[in-house]
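Scroll down for the structure; my scribbles are underneath it.
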Amino acid sequence: MFDLSVVAVDGRWVLVDEAEGLLGDFDTRDEALRAAGDFAVADRELRHVLILDDGGEWDEAVVLPTSLH
């Protein structure tokens, strides 16, 4: 169900795909989640994303595919 993760690493937010590996690193959590939405455009479905913050706490978010227009 969760194939994308956003993980806080040394002050950066890393977007990781279970199959593809590292997709990028970002300054903010919001930027990483927007990138997850961009990644979801390929299959046009929402994505459930696991989020691990600097304190070791897990959260989750649902991101919609970025609009193509």
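The values are calculated or read from the model by the stated rules, or taken from the named source; none is laboratory data. Being a predicted model, the structure only gives us computed values, none of them experimental. Don't worry about glycine lacking a Cβ; one is built from the backbone with ideal geometry, like all the others, and counts go over all protein chains shown. These accessible areas exclude ligands, DNA and RNA; they are computed on the full protein's heavy atoms, side chains included. Shrake-Rupley method; radii C 1.70, N 1.55, O 1.52, S 1.80 Å.
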Exercise. Within the stretch 9-20, how many residues turn out to be open to solvent by less than 30 Å² (accessible area, probe 1.4 Å) and modelled with pLDDT under 90?
Worked result: 1
For this session: Just need a number here: residues in the stretch 40-69 that are modelled with pLDDT under 85, surrounded by fewer than 12 Cβ atoms within 10 Å (Cβ to Cβ) and among the charged types (D, E, K, R).
Result: 3
